[in-house]
Amino acid sequence: MITVKNLNFAYHQEPVLENLTFSVQDGEFCGLIGPNGSGKSTLLKCLCGILKPQNGEIFIGQNNLLSLKSKEIAQRIAVVPQESHFAFNFTCYEIVLFGRSPYLKGLQSERREDHEIALEALRLTGALKLADHSINEISGGERQKVVIARALAQNPKILLLDEPTSHLDIDHQLEILELLKRLNQQKNLTVIFVSHDLNLASEYCQRLILLDGGQIKAVGSPEEIIRSDLIYEVYGVSAVIQKNPLSGTPHLWVAPKSRSII
């Protein structure tokens, strides 16, 4: 579904991503992890065409991303940003309906089909009851559901999310990730999400891409990536890795640096 070859990106000639090559398969649930400043959010912006790399190629299926028009990209890829701000008090339904914009021509009004898709997106995310509420008068967890519903209204094949749970309590974090996992499994939706929470990434992702200093340090399953030696090498912290007794996925417990175990 996504193939990245020799990707390089720099801000003002300062390298941020260097020679990245990897692929994400159709229907995969993939996590981007790594320390602050490792290039995770920048990579996500390159994958959806917001940023144009200086070198390298990104293919969506057989199509070179740079050859696609913005509406064509939006029909294939939807993005959920880290934070969403709304200057006007649109209703949640109106926000989700905006997701149909890539399928409208010029000043064309939404069709019956567009309204049905918007309502279905709200239903899928459990946000249908919020349809008539103002987007600025609901909780953070509810707003995130609406933003995800807007992305789903685009009928994308790929969903990119930049730390979608960073400002949520643990209950809403799990609710959002369970929602994403369900959509991934039921709709064969390819999901790529950035996370600083290694345990949550390990719990929900089939595969992890570990970035360090703008380069790919390792790619593999949670069992292959969540290792004490690799965590110490990249993050500089000592950690004990054990299986979560409830799910069997690798989880880490970190030690204060004053009590380093390595």
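The values are calculated or read from the model by the stated rules, or taken from the named source; none is laboratory data. Computed from a prediction, not measured in an experiment: that's the story for all the values here. A quick note on method: Cβ atoms are made from the backbone with ideal geometry, for glycine too, and the neighbour counts reach across all protein chains shown. Heavy atoms of the whole protein, side chains included, go into the accessibility calculation; ligands, DNA and RNA do not. Shrake-Rupley method; radii C 1.70, N 1.55, O 1.52, S 1.80 Å.
Key figures for this structure:
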item	result
Tabulated pairs, the stretch 116-133, first free of Cβ contacts under 8 Å to residues at least 60 places away in the same chain, second assigned to a helix (DSSP H, G or I) and hydroxyl-bearing (S, T, Y), C-beta under 8 angstrom, 6+ apart or interchain	A118/Y93; L119/Y93; L122/Y93; A131/Y93; D132/Y93
Failed criterion for L66 (all others in (1) over 29 Å from D197 (Cβ atoms); (2) open to solvent by less than 60 Å² (accessible area, probe 1.4 Å) hold)	(2)
Residue list for the stretch 28-72, filter: in a strand (DSSP E or B) and within 29 Å of Q185 (Cα to Cα)	F29, C30, G31, L32, I33, E57, I58, F59, I60, N63, N64
Count of the stretch 128-152 residues which are part of a loop (DSSP other than H, G, I, E, B), farther than 17 Å from H167 by Cβ and open to solvent by less than 60 Å² (accessible area, probe 1.4 Å)	1
Filtered residue count, the stretch 12-34, keeping only those that are farther than 18 Å from K217 by Cβ, open to solvent by 50 Å² or more (accessible area, probe 1.4 Å) and touching a residue at least 24 places away in the same chain (Cβ under 8 Å)	2
Among (1) closer than 30 Å to L68 by Cα; (2) touching a helix residue (DSSP H, G or I) at 6+ places or on another chain (Cβ under 7 Å) - the single one L104 does not satisfy	(2)
Filter result (among the hydrophobic types (A, V, I, L, M, F, W, C) and more than 21 Å from the chain's Cα centre (by Cα)) within the stretch 115-132	I117, L119, L128, L130, A131
Single condition K187 does not satisfy, out of (1) closer than 24 Å to V79 by Cα; (2) touching a Pro at 6+ places or on another chain (Cβ under 7 Å); (3) not aromatic (F, W, Y)	(2)
Hey, S67 within 19 Å of N155 (Cβ to Cβ) and small (G, A, S) or not	no
Residue satisfying condition, being touching a strand residue (DSSP E or B) at 6+ places or on another chain (Cβ under 9 Å), surrounded by 16 or more Cβ atoms within 10 Å (Cβ to Cβ) and under 19 Å from C205 (Cα atoms), within set I58, I73, I2	I2
Qualifying residues in the stretch 158-190 (those that are among the β-branched types (V, I, T) and part of a helix (DSSP H, G or I)) - the one most open to solvent (accessible area, probe 1.4 Å)	I170
Condition met for V16 (assigned to a strand (DSSP E or B), among the hydrophobic types (A, V, I, L, M, F, W, C) and under 16 Å from I158 (Cα atoms))	no
Subset of the stretch 68-109 (residues that are farther than 15 Å from V147 by Cα and charged (D, E, K, R))	K69, K71, E72, R76, K105
Residues located in the stretch 193-248, provided they are open to solvent by less than 20 Å² (accessible area, probe 1.4 Å) and of a type in the set (S, T, N, Q)	S195, S202, S238
Some residue of the stretch 96-113 being under 23 Å from N184 (Cβ atoms), open to solvent by 80 Å² or more (accessible area, probe 1.4 Å), free of Cβ contacts under 8 Å to residues at least 12 places away in the same chain and not in a loop (DSSP other than H, G, I, E, B)	no
